[in-house]
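Single-structure report; data block below.
The values are calculated or read from the model by the stated rules, or taken from the named source; none is laboratory data. Since the model is a prediction, treat every value here as computed from it, not as a measurement. Virtual Cβ from ideal backbone geometry, glycine too; neighbours counted across all protein chains shown. The protein model used for the area step is the full one, side chains on, heavy atoms only, and it has no ligands, DNA or RNA in it. Shrake-Rupley method; radii C 1.70, N 1.55, O 1.52, S 1.80 Å.
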Amino acid sequence: MIKPEKTINGTKWIETIQINAEERATLEDQYGIDEDIIEYVTDNDESTNYVYDINEDDQLFIFLAPYALDKDALRYITQPFGMLLHKGVLFTFNQSNIPEVNTALYSALDNPEVKSVDAFILETLFTVVVSFIPISRAITKKRNYLDKMLNRKTKNSDLVSLSYLQQTLTFLSSAVQINLSELDRLPKTHFGVGADQDKIDLFEDVQIEGEQVQRMFEIETQVVDRIDHTFNNLANNNLNDTMKFLTIWSLTMAVPTIITGFYGMNVKLPLAGMQYAWILTLGISVALIVAMLIMLKVWRKM
């Protein structure tokens with residue numbers, strides 16, 4: 001979808017969301033955007049990047065934003081969105097229709113302090129970076145809940161939820177780190193050449209916020225990994241205790257089986273003619289069981 005043209009202090013803004021083949025052709029024919037650029041900026045597998053075409057004087061920005069697969073389960077991945085400055089016109093590409101990107105764009109548009117297209121781009125990036133923070137706080141809340149639940153009783157559903165948190169943190173922490181690396185590089189590119197003080201301040205604001213978000217996800221990743229490691233150890237210890245109990249129980253049950261089986265043979269055996277021979281075999285079984293348990297205790301196998 002190509003939305004109607006808007007202006008940012010005199011600069012045209014063309015917003016696109018989930019464009020199809022016909023709309024791609026429109027961008028090529030009407031605005032002269034190269035097909036390769038459109039393919040590049042709408043590729044959902046692209047990573048964060050900044051490209052400056054010295055021949056066309058085009059600037060292309062690609063950044064990663066959080067994309068919810070299941071908000072209730074806190075299952076997130078990241079998807080790219082793009083901004084292209086082409087022949088004095090700003091084009092934005094949100095091929096995955098990421099809500100956080102739409103919010104960031106219109107928040108920058110409505111900001112009275114945004115007085116240039118460069119400020120619009122930086123304000124949009126700032127808001128996208130900030131959009132990671134509520135997700136990090138939701139992960140912290142969910143992690144605390146799972147920690148309490150798993151300490152009481154381990155359930156498969158809670159372990160699956162913990163696994164989802166690890167997957168989400170892997171995607172988001174990686175995206176935050178890649179975004180921050182590009183934000184640190186951006187002032188040294190053509191986009192940062194000749195920046196005035198206001199633009200420099202915007203660069204610093206975005207970088208500082210990016211560093212804060214990165215630290216939040218690093219800490220959260222470490223905590224979740226430690227919780228997962230702890231419960232893996234607890235599960236292994238519980239399994240070892242169960243196997244030890246079953247082993248001892250099976251050894252205990254093997255003793256009367258051997259004794260009764262021995263005296264169940266259809267041949268003459270010592271003491272087989274006694275009136276209370278079955279009591280004797282029972283006593284022998286109990287004595288052997290007790291002796292075996294004592295030996296296991298002495299050998300610290302119990």
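Within the chain, antiparallel bridges make up roughly 85 percent of the DSSP beta bridges whose residues both belong there. Taking a ≥ b ≥ c as the square roots of the eigenvalues of the Cα gyration tensor, the range 1-61 is rounded, since a/c falls below 1.5. Give the angle, between 0 and 90 degrees and rounded to the nearest 10, that separates the Cα long axis of helix 197-263 from the longest principal axis of the Cα atoms of the chain. So the helix axis and the longest Cα principal axis differ by about 20 degrees.
Legend: calculated FRET efficiency, Asn9 to Ala73, from the Cβ-Cβ distance at R0 = 45 Å, rounded to 0.05, equals 0.60. Tell me whether the range 1-135 comes out rounded, prolate or oblate; compute the Cα gyration tensor, take square roots of the eigenvalues as a ≥ b ≥ c, and use a/c under 1.5 as the rounded threshold. Oblate shape, in that a/c is at least 1.5 and b/c is the bigger or equal ratio. Note on the range 41-157: with neighbouring protein chains present and a 1.4 Å probe, carbon and sulfur make up 46 percent of its accessible heavy-atom surface. Neighbours of Val176 by Cβ distance under 12 Å: Lys/Arg scored +1, Asp/Glu scored -1, total -4. How far is helix 132-152 tilted, in degrees, relative to the longest principal axis of the Cα atoms in the chain, given as a value from 0 to 90 rounded to the nearest 10? Around 10 degrees separate the two axes. Which FRET efficiency value, to the nearest 0.05, is calculated for Asn237 and Glu211 with the Förster distance at 51 angstrom and r the Cβ-Cβ distance? With R0 = 51 Å, the Cβ-Cβ based efficiency is 0.85. Each label was represented as a point 7 Å from its Cα along the Cα-to-Cβ direction; for Val160 and Asp53 these points are 4.8 nm apart. Legend: calculated FRET efficiency, Ala25 to Thr140, from the Cβ-Cβ distance at R0 = 41 Å, rounded to 0.05, equals 0.35. Rounded to the nearest 10 degrees, the angle from helix 21-31 to the longest Cα principal axis of the chain is 30 degrees. For Lys115, the lysines whose Cα comes closer than 21 Å to its Cα, not counting residues fewer than 8 places off in the same chain, are Lys6, Lys12, Lys87, Lys199.
Annotation: per residue accessible area for the chain equals 58 Å², rounded to a whole number [probe 1.4 Å, protein chains only]. Taking a sphere under 12 Å around the Cβ of Gln79 and counting the other residues whose Cβ falls inside, with K and R at +1 and D and E at -1, yields a net charge of -4.
Comparing Gln59, Gln30, Gln167 in a Gaussian network model of the chain where C-alpha atoms under 10 Å apart are linked, the largest mean-square fluctuation is found at Gln30. Model label points for Ile200 and Leu288, set 7 angstrom from Cα along the Cα-to-Cβ axis, are 9.1 nm apart.
In whole Å, how far is the Cα centre of the range 81-145 from that of the range 14-53? Spelled out, the Cα-based centre of one part sits 18 Å from the other.
Helix-derived [θ] at 222 nm for the chain: sum -39500 (n - 2.57) over DSSP H runs of at least 4, divide by residue count, nearest 500?
-21500 deg cm²/dmol
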